[in-house]
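Right, one structure below, let's go through it.
Here, each number is a calculation from the coordinates, and none is a lab measurement. The structure presented is a predicted model; accordingly, all values stated were derived computationally and were not measured. Using ideal geometry, Cβ is built from the backbone for each residue, glycine included, and neighbour counts are taken over all protein chains shown.
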Amino acid sequence: MLVFAISDKGGTGRSVTSSNIVYRRALQGSDVCYLDFDFGSPTAGAIFSVSSVARGTAQGGMHRYFEGRLADPHRIDVWVESDREGLRGKPPGAGQMVLFPGDEGGGEFSTVSEEMLRRCVRLFSRLEEEFDLCLVDLSAGRSFAAQMALAATARLPGVPFRWLVFHRWTRQHIIAAHGLVRGRQGLLAAGVEHGHDEENLADHIRFVRTAVLEPDAAELEGLRETQKAWLHECDRELRELARKYGVGRTAMLGKIPLDPVLQWREQLISDEDVLSSQIANAETVAAFDDLAKKIVDDSAWEAL
Amino acid sequence: MTPAQAVFGEVEAERRVASAPLSHVSIELGHLYMEDFQAGPDRLREQFRQVAPWAETMRRSWQARVPGGRARVSTCFLIDDYFSRFSTPAELVPAVLEAAAECDLTIDYLARESACAETDGVKLARLVEDRLVTDPPAGTNGSRPPVTETGWLCNGARSPYGGAVQAMESARAWEPPAQNAKRRHSIFVDVELWDSDSRGRTWSCPFLAAVWQLLRLGLIRNDGELPVRPVPGGPPFPSDWEELPAIVQLNPAAAPFSAYSTMSVLSSRFLPVELAVRTILSQVFVDAEVLRQVAGRSAGEGVPLPDELVDRISYVFLGA
Amino acid sequence: MLLMGEVRTGLLQNSGEIPESLCQAVLGLLSGERVRVSRRPIMYAVSPDQLTGVDCRLASASRARVRGVGTVLSRASVTGGRVLQGSSHIRVVRAGSDHRLSWSHYLARPGVVEVFGKVRVPDLVEGFAESGAWNDCLDLGSVSERFMDAVQGSPLLDRKAPFKSARTRLRWVAVSAEREPGHEPGHEPGHEPGQEGPGIRFVLGRDRVRTLRLVLPGGLTPGVVDFCEDLALHDWLLTTLQVIFERAGVGTATRAEVTARLAPAVDHLLHLWMPAARLDDEFTPFWERLERRPGFSRQWLSLVARVRDQIAVNTLALLREAGGW
Ligand SMILES: Nc1ncnc2c1ncn2[C@@H]1O[C@H](COP(=O)(O)OP(=O)(O)OP(=O)(O)O)[C@@H](O)[C@H]1O
Ligand SMILES: [Mg+2]
């Protein structure tokens, strides 16, 4: 299955969240891969702690593959090449976890040529043969990467795909997420242009809220009553807004709480971070775990 | 046969390839387009008058080459009914035959150009297109699909064009196209094989001409069978082109239609077309078994053939 | 001089095995050419031969610049309606001229790549087997994969494969133990001293790459391609079954889960094991060598036994739970 991760605004937590989903899914026993399609800023390696490709690979990654300069993009077995002790060595029962980084110094493309599109179709169909889950991290906003993903999936009718739209829990983000899906030249409009059925495409899009601070979270214990009341009121308004914009509970696949570790560093959160060093919150891991299951759980994707 | 091979000797696992009867040379006496026809019967007569001595020369040279002088020479004539339909067989064919006879030429076979696109449900042009193996520019290592512009075929590397560039990448300077087998300087040829519109695909004149050459060389097979066989015929001719067989054998005593080699006598306005034809033919991969058959038979007759197809084709180009 | 090739093997992207008629349709990559099928002892269908033009460096152990021009011969095949292979190979010969000739010259020699200049066969053998497609060198594997892609992309396949699996890569080179006619003795034979006799060397590498070096007793017969494809097929079966077994979670997952994870192997793989089924006799000794070491069938049979045992034990346990035995 292909899963596309997109957000309207930058810095929403799209990459960190989707990397953690991939990691959780691998731990759950699936073969997974992560494709860095954020062509303007190929830095996925950092999240997986593969320092040799922290800023993209020098051995020919996504960019050079799409330019037709190599047959197979550089692939990294995270269980082997990660610098983090806790990630090295595939745990028993876990699946493959492979990272396809962009090129070091690679930039956003100026268009999607027919050749690039064909290469994309070939890449997707080959990876689908091998992996249970291929997560494609597109960049923020309307991009050639997103356009290519829409066009390629339209040409691969047999390959299941799903879209995750990431947004933070704020007014601006909610409106933007709605616009990215339903707005002018949004995913649905562009999808239809490339041959998707609008309703079917819409059924394959869900929202993910990132870095959510619940008004009654433990972190907020020390707040004054007036502040708490205000937060509750904000949250109520946001829920109302989200519902109005079709970004509400029903269209939401999951939400990830604000996590102190992620606020400071983009990384995978291991069970060890929760259990032994206790730097990360158990709720965060639980949320990632839950999302990783829901992504492939058909009942979570029934038509709305 | 060893037992191991016997196990695999199932019918469907074997490959059978029919062989074509072959002359030594197939001479094309002319190729009639609407504009020639519209120019009137004198134009045709003039054409045949110019062709006759060359055809005779070809015949003699083969007689001299073949032991005992028993050269098999057949002649053919192609009428365009693909790009434009004009007149009717009933009207046109007798006129052509008459004009040829006046110049002491016998037309053994008459063919319709549309037959090169499709005959009896066999898509000949498609068969040939599938067998194109593009001439690789230096540096082609198989890692990428062959560079093709759909519907075009060239003899080298095209000048790189726009395409996708990465943001903030330095701009690319213009580069010339290059011929693969150049001798220092290039003669770059890019041939349009077909175009298409709402009614479907239209094959280009050079592409059909390439199919025509392959037919005359007896090198096309469909599922191991000969895709077109000449059908004996004579007057009266039908009033509809569709009813005329793809290749009509007009002379019952003619040598076989296909031949080891071909010769075409053409107006020099066809020079660019034939350059395109050679560009195409030099990239057609003919079934190795068929090539072996033909080579074996010609060698058996004491007339060794050049390995390369394009070397089996010769032309005489006539000025206006 | 030598033959070299690369076979890629993978699971056909369809929910069930496909019947003969469908094999014919998905492998009909060339109009006017028939897909050949043999049914005994297992259904095997193979596409017409395809050619791809190349003009590039050949990998050499010494990193010497060796340029080759010619065509790669490829075919795609489906075994048991289930396993797809893309196979490409070339016969390397010395060029008769010192510059590239017209393309029709090469087209008249399908599957032959002519190399220019001084070439040492062992240099090419080592270079190809070891490094495969480094830099811009000949990449037979990619050619093979493209033909696989063409088959996998057929709209006639439902793409609902019963399990995920990676394609394997078998890179092979073959030389003849016979001296080439016209070769001065002691000067540039096809192989190193001490390796004169027929032999086979099969190496499992990283990233699902396997290399195979063959010294054939006779000339370089086309049967060697069948042999390499057959070996690649069985190596893929073994590799794939191993992964399925490893992932089944024996000991950690529930019995029902283990059985469910092993089931696709039983349904789709176990009956495909038939080494050397369609090979020329001259290759039987090679298979026999491989059966001794590393012992393909031995490993396969023991794995199959474990799969069957697991399923039997689990089924019994489940029955007991259900029926209260
Ligand atoms: N659940 C979370 N709690 C706290 N901080 C988070 C959380 N998720 C992400 N972050 C932080 O937010 C920042 C942006 O995250 P990330 O880089 O994943 O966003 P992005 O959407 O991929 O951004 P870009 O558009 O730049 O690629 C990072 O510093 C990250 O660590
Ligand atoms: Mg990011």
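Can you give me the angle between helix C:255-268 and the longest principal axis of chain C, using Cα atoms only, in degrees from 0 to 90, rounded to the nearest 10?
Approximately 40 degrees, to the nearest ten.
Using just the alpha carbons, could you tell me how many Å³ per residue the convex hull of the protein assembly as shown encloses?
In the protein assembly as shown, the Cα hull volume divided by residue count equals 219 Å³.
Grab the other residues whose beta carbon is less than 12 angstrom from that of C:ARG247, score K and R as +1, D and E as -1, and report the net. Don't skip to the answer; put the middle values down first.
On the way: positive: A:LYS90, C:LYS164, C:ARG261; negative: A:ASP31, A:ASP132, C:GLU246, C:GLU257.
Neighbour charge sum, excluding C:ARG247 itself: -1.
Amide H of B:SER314: which non-local residues (sequence gap of 5 or more, or other chain) have their own amide H closer than 5 Å, using H built in the peptide plane?
B:THR262, B:MET263, B:SER264
Would you mind telling me the antiparallel percentage of the DSSP bridges in the stretch A:1-124, rounded to 5? Show your work: numbers first, answer last.
Numbers: 2 of 8 bridges.
Here the antiparallel bridges make up roughly 25 percent for the stretch A:1-124.
Apply the Karplus parameterisation 6.51 cos²θ - 1.76 cosθ + 1.60, with θ equal to phi minus 60°, to every residue of the stretch C:19-29 and state each ³J(HN,Hα) to the nearest whole Hz, in sequence, with x for glycine and proline.
Per-residue couplings from phi come out as x, 3, 4, 6, 4, 4, 6, 6, 9, x, 7 Hz.
On the first, second and third principal axes, largest extent first, how far apart are the outermost C-alpha atoms of the stretch A:38-155 in Å?
Principal-axis extents of the Cα atoms in the stretch A:38-155, largest first: 41, 30, 27 Å.
Which one of C:SER144, C:LEU204, C:GLN13 has its Cα pushed farthest toward the positive end of the charge dipole of the stretch C:2-220, where Lys and Arg give +1 and Asp and Glu give -1 at the Cβ?
C:GLN13
Can you list the HN-Hα couplings for the stretch B:301-306, worked out from phi with the Karplus curve (6.51, -1.76, 1.60; θ = phi - 60°), rounded to whole Hz and with x for Gly and Pro?
Result, ordered by residue: 8, x, 10, x, 9, x Hz.
Which percentage, to the nearest 5, of the DSSP beta bridges contained in the stretch C:2-220 is antiparallel?
Rounded to the nearest five, the antiparallel share is 80 percent.
Treating only the Cβ of Lys, Arg, Asp and Glu as charged (+1, +1, -1, -1), what charge dipole size does chain B show about its Cα centre? Round to the nearest 20 debye.
1060
Considering only C-alpha atoms, what is the centroid distance from the stretch B:173-191 to the stretch C:64-78, in Å?
24
Plugging the Kirkwood radius over Cα pairs into Stokes-Einstein for the stretch A:2-296, at a temperature of 37 °C and a viscosity of 0.692 mPa s, what D comes out in µm²/s? Walk me through the intermediate numbers first.
Working: Rh = 19.6 Å.
Rounded to a whole number, D works out at 168 µm²/s.
Report ³J(HN,Hα) in whole Hz for each residue of the stretch A:39-56, in order, from the Karplus equation J = 6.51 cos²θ - 1.76 cosθ + 1.60 where θ = phi - 60°; Gly and Pro get x.
Coupling constants for the stretch A:39-56: 4, x, 8, x, 10, 4, x, 5, 5, 7, 6, 10, 5, 5, 10, 4, 10, x Hz.
Using a Gaussian network model of chain A whose springs link C-alpha atoms within less than 10 Å, name the residue from A:LEU27, A:LEU231, A:LEU241 with the highest mean-square fluctuation.
Result: A:LEU231 has the largest fluctuation of those listed.
Less than 13 Å Cβ to Cβ from B:VAL310, Lys/Arg counted +1 and Asp/Glu -1: what total charge do the surrounding residues give?
Details: positive: B:ARG278, B:ARG312; negative: B:ASP135, B:GLU274, B:ASP307, B:GLU308, B:ASP311.
Neighbourhood net charge equals -3.
With only Lys, Arg, Asp and Glu charged, each at its Cβ (+1 for the first two, -1 for the last two), find how big the charge dipole of the stretch B:183-320 is about the Cα centre; round to the nearest 20 debye. It would help to have the intermediate numbers written out before the result.
Details: 12 positive and 16 negative charges, 89 e Å.
Computed about the Cα centre, the dipole is about 420 debye.
Work out the charge dipole of the protein assembly as shown with +1 on the Cβ of Lys and Arg and -1 on the Cβ of Asp and Glu about the Cα centre, then indicate which of B:SER268, C:LEU279, A:VAL181 is farthest towards its positive end.
Towards the positive end, the residue furthest out is C:LEU279.
Amide H neighbours of B:THR202 under 5 Å, counting only residues 5+ apart in sequence or on other chains, H built in-plane at 1.01 Å?
Residues meeting the criterion, in which the H sits 1.01 Å from N, are B:ASP195, B:SER196, B:ASP197.
Could you work out the pair-distance distribution P(r) of the stretch C:237-323 from its alpha-carbon pairs, with 5 angstrom bin width and percents rounded to whole numbers?
3, 13, 22, 19, 14, 11, 8, 5, 3, 1, 1, 0
In whole Å and largest first, what semi-axes does the C-alpha gyration tensor of the stretch C:2-220 yield when each eigenvalue is scaled by 5 and square-rooted?
Working from the Cα gyration tensor, I get semi-axes of 33, 19, 16 Å.
How large is the dipole of the protein assembly as shown about the Cα centre if only Lys and Arg carry +1 and Asp and Glu carry -1, each at its Cβ, rounded to the nearest 20 debye?
1160
Nearest 5 is fine: what % of DSSP beta bridges in the protein assembly as shown come out antiparallel, could you say?
Working: 67 of 137 bridges.
Rounded to the nearest five, the antiparallel share is 50 percent.
Per DSSP helix of 4 or more residues, -39500 (n - 2.57); summed, then divided by the residues of chain C. What does that give at 222 nm, rounded to the nearest 500? Don't skip to the answer; put the middle values down first.
On the way: 8 runs with 113 residues, N = 325.
That calculation yields -11000 deg cm²/dmol at 222 nm.
Between A:ILE256 and residues 5 or more places away or on another chain, which pairs have amide H atoms under 5 Å apart, with H built 1.01 Å from N, and which residues are they?
A:ARG209, A:THR210, A:ALA211, A:VAL212
Report the semi-axes of the equivalent ellipsoid for chain B in whole Å, largest first, where each axis is √(5λ) for an eigenvalue λ of the Cα gyration tensor.
35, 27, 21
Compare the peptides B:58-69, C:26-37 by average per-residue count of other Cβ atoms within 10 angstrom and give them in order, highest first.
The densest-packed peptide leads the list: C:26-37, B:58-69.
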